[in-house]
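Encoded as structure tokens, the structure appears first; notes follow it.
Just so it is clear, none of the values below were taken in a lab; they were calculated from the coordinates. In this text, all values refer to a predicted model and were calculated from it rather than measured experimentally. Reconstructed Cβ throughout: ideal geometry from the backbone, glycine too, with neighbour counts over all protein chains shown.
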Amino acid sequence: MHFCKLELNQQVKDIDMRQLNYLIFFILIMGVSGAVVAKQSKSPSMQEIWKLLQVQQKEIKKLKRENRKLKKRLNIVADTIQHPTKMSTKPQRHSVAKKSFNQKSKATTTTTPSRESYTSIESPVRKHGSESIHTKSGRGATVNGYGEMHYNNLDSKKEMDFHRFVLMFSYRFNNRLRFSSELEVEHSISGDGKVGEVELEQGYIEYDFTGKHSLKAGLFLLPVGILNETHEPTTFYGVERNPIEKNIIPTTWWEGGLLFSGQLGNKGLSYDIGLHSGLKITSANSYVVRKGRQSVGEADATDLAYTARLRWTGTRGLAVSASMQYQENIGQSLDAGIGNANYYDMTLVWNRGRFGIRGLYAMWDLNGAGPQSIGADKQEGWYLETSYKLTSKFGVFSRYAVWDNAAGDATDSEKEQWNVGVNFWASENVVFKFDVQRQGGVINDDGFNLGVGYHF
Amino acid sequence: MNYFSRSMLMIVISLLGSTVVTARGVYQTPRDFVKETFSGKTPKVKFVWLDKQAKQQITKILGHSLNALRIRYWAANKKTAWILEEIGKEELITVGFVVTNGRIERIKILVFRESRGWEVRYPFFTDQFKQIELTHKIKLSRTIDSISGATLSVNAVSKMARLALFFYKLATDG
């Protein structure tokens, strides 16, 4: 019984001790919380807030100063990287060639801070397809090029041919005077007995006199037809050039001499007029125009030729032109059977949206008993091409061409050709081509052509 | 000198004496273009910095890389002006663009240096770009009609238009 009482007392003590512990713990928590609350509820004085604001204000000012300094340094770094030859913080002798293109050299420099340049792109040296170095004085050298390789699977031939490999070098002496050239390797190999040739197709000095007209002196492409001046493979449909600009217009046709070019009025009318070396067509080459090209290589210049063109591009998507040429004696006075010659052509190019139309008529009128005897006194042809761009990369076309290099007699010597095909532009500068060819008339030559071309 | 030669010489002299406009040259200085765009008050120059991703997109647009860290532009009242340059065939063509609300408001050929392709300066060509915008594929929202004999100049101007809209996008999205 006593034992039970003792045990009970012990239990009461234990309970009391636990309660006491809880009480102490509670008091401690309350005390700490009270102290914290008391501390938190103690608001800083106005003086303390003012001091705090002063410190923060100083910090903000310091950060702003640092930010300005950093921006300046960043601009200096950017200028130094992009314009390594000048310091961006000081005013520099800075070209305004871009601003005063036609001003005389005296006025081409002015003192301006580099950051006042009015061009968004700041880089002085561009990594273009065409590797160009435009120096600040308006001088500059440029390298361009184009090329095309063909596979022809035709009745007449089955061959693979790197048809053209062209490099073009240009140099700007000043804002008015420049040099342009085009060097071509045809059919990939040249030399004795080889099928190909190395040719200089352009090499002239061009001068903008009075800033309103230009004059070319040297070896230049004649302003005739559609393709003779612009024939980068990415700019036309079909693997091979159209037969008119091969058999009637001897494209690529270049001569040596002088050529004036300019614009008339402000409505899209332009002219070209030139005096230059001419063709040499004789009975030895059966009066075939294409074989009369002398390529300005020790060319017989007994009789020069005159070429003129009027071109109108005054409305959206449309370009029309008419060219003519006259040569006093197209045999260079070596062949008594041939006299003077006249050439005429008319072109039309119309692009609207995805549609395109190209048309060309060209003819030769060769005077003399020689050409007349084989009907070559009249040589003519025309073509019409329609095209449609399915997407920005795919385009389809069809072309019908008729030509006759002996249209002056009653004998049927006319040829006609259909081409239907597709161009695929892998990029703006690279094109893959395929077309099916059906040639009829005096000779059939059917098959297909594949090609790849580029320009840069 | 025969009759034909004399006639040709007379034609040349007549042409040289006629009223002509230049094919090459400065049609408007970039400075004047910016000034005109903002009614005589040229705003402070702003910059768009080009990161790696932007440079990759620029390479896609131009077909070559652009050696620049940042692009200058002028902006005021939601209107932005950009002066861009790109080679047509051999020479740089300088073009001014005004972009407002993601659409081209105005485009002007400022300096033309190429031998051919000067027709791109005519309003019948430049007006095609009015109100044009960028698609989600970073292409122009409309097809631009080409000009015979000026294909490379047309391509260059079209690429610059895409670039101006892309830069606008970078400037406003950033």
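At a Förster radius of 30 Å, what calculated FRET efficiency corresponds to the Cβ-Cβ distance of A:ALA369 and A:VAL436, to the nearest 0.05? Numbers along the way, then the final one.
Values: r = 42 Å, r/R0 = 1.40.
The pair A:ALA369/A:VAL436 has a calculated efficiency of 0.10.
Note down the nm distance, to one decimal, between modelled labels 7 Å out along Cα→Cβ at A:LYS158 and at A:SER190.
Between A:LYS158 and A:SER190, the simple spin-label model gives 3.1 nm.
Would you calculate the separation in nanometres between label points at A:SER427 and B:ARG103, each defined as 7 Å from the Cα along the Cα-to-beta-carbon direction?
3.3
Can you pull the semi-axes for the range A:249-293, root of five times each eigenvalue of the Cα gyration tensor, sorted largest first, whole Å?
Working: eigenvalues 186, 25, 10 Å².
Largest first, the range A:249-293 gives 31, 11, 7 Å.
State the number of lysine pairs found in the range A:273-421 whose Cα atoms come within less than 26 Å, restricting to pairs 8 or more positions apart or on distinct chains. Let's see the in-between values first.
Working: A:LYS280/A:LYS291; A:LYS280/A:LYS378; A:LYS280/A:LYS415; A:LYS291/A:LYS378; A:LYS291/A:LYS415; A:LYS378/A:LYS415.
Pairs that pass both the separation and distance tests number 6.
Evaluate the distance, in nm, between pseudo-label points positioned 7 Å from the Cα of A:LEU258 and of A:LEU310 along their respective Cα→Cβ axes.
It works out to 2.3 nm between the two label points.
What is the packing order of peptides A:322-331, B:82-91, A:364-373, A:184-193, taking the mean over residues of other C-beta atoms within 10 Å and listing the highest first? Mind dumping the intermediate values first?
Working: A:322-331: 21.8, B:82-91: 24.3, A:364-373: 19.6, A:184-193: 13.1.
Descending packing order for the listed peptides: B:82-91, A:322-331, A:364-373, A:184-193.
Based on the Cβ-Cβ distance of B:VAL45 and B:ASN67, what FRET efficiency does E = 1/(1 + (r/R0)^6) give at R0 = 25 Å, to the nearest 0.05? Walk me through the numbers on the way to the answer.
Details: r = 20 Å, r/R0 = 0.78.
According to the calculation, E is roughly 0.80.
Out of residues 5 or more away from A:ALA141 or on other chains, whose amide H comes under 5 Å of its own, with H placed 1.01 Å from N in the peptide plane?
HN-HN under 5 Å from A:ALA141: A:ILE133, A:THR135, A:ARG172.
Pairs B:LYS79/B:LYS130; A:LYS71/B:LYS46; B:LYS44/B:LYS79: which are spaced more than 22 Å apart, C-alpha to C-alpha? Write out the running numbers ahead of the final one.
On the way: B:LYS79/B:LYS130 14 Å; A:LYS71/B:LYS46 12 Å; B:LYS44/B:LYS79 13 Å.
Table pairs above 22 Å Cα-Cα: there are none.
For the range B:94-174, just list the percent of Cα-Cα distances falling in each 5 Å bin from zero outward, please.
Pairs per bin, as whole percents: 3, 16, 29, 25, 15, 8, 3, 1.
Give me the inter-chain shielding for A:169-180: mean count of other chain Cβ atoms within 10 Å, whole number please. Can you show the working numbers first?
Numbers: counts 1, 4, 0, 3, 0, 0, 4, 2, 0, 4, 0, 3.
Mean partner shielding for this stretch: 2.
Return the sequence-ordered ³J(HN,Hα) values of the range B:35-47 in whole Hz as given by the Karplus equation 6.51 cos²θ - 1.76 cosθ + 1.60 applied to θ = phi - 60°, using x for Gly and Pro.
Going residue by residue, I get 4, 5, 4, 10, 6, x, 10, 6, x, 5, 5, 10, 10 Hz, with x marking Gly and Pro.
Across the residues of A:348-361, average count of Cβ atoms on other protein chains within 10 Å? Numbers along the way, then the final one.
Numbers: counts 1, 4, 2, 8, 3, 4, 2, 1, 3, 0, 1, 0, 0, 0.
Counting Cβ atoms of other protein chains within 10 Å of each residue's Cβ and averaging gives 2.
Test of understanding: express the Cα radius of gyration of the range A:275-348 as a ratio to 2.2 N^0.38 Å, with N the residue count. Before the final figure, lay out each step's value.
Values: Rg = 14.8 Å, N = 74, 2.2 N^0.38 = 11.3 Å.
In units of the globular-protein estimate, the range A:275-348 measures up at 1.31.
On the Cα set of chain B, report Rg and Dmax in Å, please.
According to the Cα coordinates of chain B, Rg and Dmax are 19.0, 71 Å.
Can you pull the percent of Cα pairs in the range A:140-235 with separation above 17 Å? Let's see the in-between values first.
Details: 2844 of 4560 pairs.
In whole percent, the share of Cα-Cα pairs in the range A:140-235 beyond 17 Å is 62.
With +1 on the Cβ of every Lys and Arg and -1 on the Cβ of every Asp and Glu, and nothing else charged, how large is the dipole of the range A:343-401 about its Cα centre, in debye rounded to the nearest 20?
Numbers: 7 positive and 5 negative charges, 126 e Å.
Computed about the Cα centre, the dipole is about 600 debye.
Based on the inverse mean of 1/r over its pairs of different Cα atoms, what is the Kirkwood hydrodynamic radius of the range A:321-449, in Å?
Values: mean 1/r = 0.0591 Å⁻¹.
For the range A:321-449, the Kirkwood estimate is 16.9 Å.
Once the Cβ-Cβ distance between A:LEU167 and B:SER141 is put in as r, and R0 is 41 Å, what FRET efficiency do you end up with, to the nearest 0.05?
Values: r = 38 Å, r/R0 = 0.92.
Efficiency for this residue pair is about 0.65.
Summarise the partner chain shielding of B:108-115 as one whole number: the mean count of Cβ atoms from other chains within 10 Å of each residue's Cβ. Mind dumping the intermediate values first?
Numbers: counts 0, 0, 5, 7, 1, 9, 0, 9.
Mean inter-chain Cβ contacts per residue within 10 Å come to 4.
For A:MET363, A:MET46, which order do you get if you count the other beta carbons within 10 Å of each Cβ and list the fewest first? Let's see the in-between values first.
Numbers: A:MET363 18, A:MET46 8.
Fewest-to-most Cβ neighbours within 10 Å comes out as A:MET46, A:MET363.
Could you derive backbone 3J(HN,Hα) for the range A:279-285 from the dihedral phi with the Karplus parameters 6.51, -1.76 and 1.60 (θ = phi - 60°), listing whole Hz in sequence and x where the residue is Gly or Pro?
With the stated coefficients, the range A:279-285 comes to 7, 9, 9, 9, 5, 4, 10 Hz.
Working from Cα positions, state the angle (0 to 90°, nearest 10) between the long axis of helix B:52-62 and the longest principal axis of chain B.
Compared with the principal axis, the helix lies near 20 degrees.
Which value, in Å³ per residue, describes the convex hull spanned by the Cα atoms of the range A:414-456?
70
Which whole-Hz couplings ³J(HN,Hα) result when phi for each residue of the range A:435-440 is put into the Karplus expression 6.51 cos²θ - 1.76 cosθ + 1.60, θ = phi - 60°, listed in order with x for Gly and Pro?
Each residue's phi maps through the Karplus curve to give 8, 9, 10, 10, 10, x Hz.
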